[in-house]
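What follows is a short report on a single structure.
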Amino acid sequence: MQLGGGNLDGYRILDLTTEPGFLAGKLLGDLGADVIKIEPPGGDPARRRPPFVGDLADPERSVLWLALNTSKRGVTLALDRPRGRELFGELCRTADAVIESAGPAHPDALPQRGLSFDHLHAINPRLVLCSLSPFGQTGPYHRYRASDLTAVATGGNLYPTGNPDRAPVRCALPVSYYHAGIEAAVAVVFALWGRETTGQGQHVDVSMQEAMVMPNMTTPAQFPLTGSKGNRTGGGFRGGQAVFRELWPCKDGYVSFALRGGPARIPGIVALVRYMDEHGMAPAHLTARDWTQYNHNSISQAEVDEIEAALAAFFRTQTMAELFAAACARNLLLAPANTARQTVASEQLVAREFFVEIDHPHLGVRLTYPGGFARSNRSRIGVRRPAPRLGEHNGEVYTPLGLDAAQLAELGAAGVV
């Protein structure tokens, strides 16, 4: 698949990341940059992670690899070899940015290989280096190793997530990688924009721990005022005097709806009560209430329980689709808790042509992928190409450096590419 006219047409990004940074390079590629994924000659470890397309264990079939490395070309290069580092330096001369995710103390980190920002800046003063790591390049934890679980926990997102009588839980997917990947992609774009003014590249430092502060919503900002770290409420939220549910069973699944007050939320509660009344399911205590005075911080638990019992009974009579259609028509702040299969079938996403089909001739399959994360009337944002096969673009990328096929074969035999 080929798309033209991207925002980052003409920019080249060297992507050294492992799984935590895959999304950053993908997003930059979707924006039109020429992203070159650099792997060791044996391939990135993510290639060997299941599940595999067709349940066939093959480094070209890893769903993780295929999903997060679209819109990239791919080469192999051993940065632990002197000749590999020389070739990387040559690539940096014509690159606009490098993104890496090893962490400052990891043996694979660029400074550990003699490829610090100062070294790269001397090669190409306009080069932007973006380092994504668990705790940043400096600070008390910068030398610590960490997984997604560690970043989610230290970022404050794990503590309030889960049921109050059980241990905290993390999301099924590594959300800290995705939040940090988005931040890294945005940071690279701003650094490239800033370069237009200064003429100089810069070192961008992205911390997964810091990136996880945003998903906490208002809790971190409230802590200096309230002293509260939040609590696990099991699919709900805590008001001033009561605990509220936010996830509701319906006929065929779940929907999210919150009994929060304030000018943004109260009109939706009023509209929901009217909707329930049309179905003959709004008790008098709901229809007679002056909702303009509703405040979720001052209402008692007994009042909440009474209101929620009526809402729960109504939601159980409706399907997710019926409730979502009503939400769109009546401006209710209600959303279905869609499964992956339901998301693929979403009328909105189908109408926006969000999902795209990509052929994989070497696998003998055609796979469905999420397309562009946004639509623009000035550029094309979306998947440019499938994830690269191992070393697929070695010839394309290294030939302009003066290496012919015989030399590449020799470097391959030596384990350099």
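The values are calculated or read from the model by the stated rules, or taken from the named source; none is laboratory data. Because the structure is predicted, anything quoted here is derived from the model rather than measured. Reconstructed Cβ throughout: ideal geometry from the backbone, glycine too, with neighbour counts over all protein chains shown. Remember, those area values only see protein heavy atoms, side chains included, never the ligands or the DNA or RNA. Shrake-Rupley method; radii C 1.70, N 1.55, O 1.52, S 1.80 Å.
What to note about this one:
- Global form of the range 248-313, assessed from the alpha-carbon gyration tensor, a/c cut-off 1.5: rounded
- Rounded tilt (10° steps) of 175-198 against the dominant C-alpha axis of the chain: 60
- Tilt relative to the chain, helix 266-278 - C-alpha long axis, 0 to 90 degrees, to 10: 60
- Shape category assigned to the range 141-261 from the gyration tensor of Cα positions, a/c cut at 1.5: prolate
- Between Y141 and V63, the modelled labels are 3.0 nm apart [label points 7 Å from Cα along Cα→Cβ].
- Total formal charge among the other residues, if their Cβ is under 15 angstrom from that of G136, Lys/Arg +1 and Asp/Glu -1: -2
- Local electrostatic count at G6 - Lys and Arg +1, Asp and Glu -1, tallied over other residues with Cβ under 14 Å: +4
- Modelled spin-label separation between Q348 and T287, with each label point placed 7 Å from Cα along the Cα-to-Cβ direction: 3.1 nm.
- Percentage, to the nearest whole number, of Cα pairs in the range 291-411 over 21 Å apart: 68
- Using just its DSSP H runs of length 4 or more, each adding -39500 (n - 2.57), the chain gives a mean residue ellipticity at 222 nm of -9500 deg cm²/dmol after division by all residues.
- Electrostatic tally near V270: other residues with Cβ closer than 12 Å to its Cβ, Lys and Arg +1, Asp and Glu -1, net +2.
- Trypsin sites (Lys or Arg not before Pro) restricted to the range 355-417 and DSSP loop, no more than 14 other C-beta within 10 Å: R375, R378
- The range 134-181-the range 300-376 distance, computed between alpha-carbon centres (Å): 27
- Here the accessible area of the range 118-272 is 58 percent carbon and sulfur, with a 1.4 angstrom probe and all protein chains present.
- A 1.4 Å probe run over the protein chains yields, for the chain, 50 Å² of accessible area per residue, whole-number rounding.
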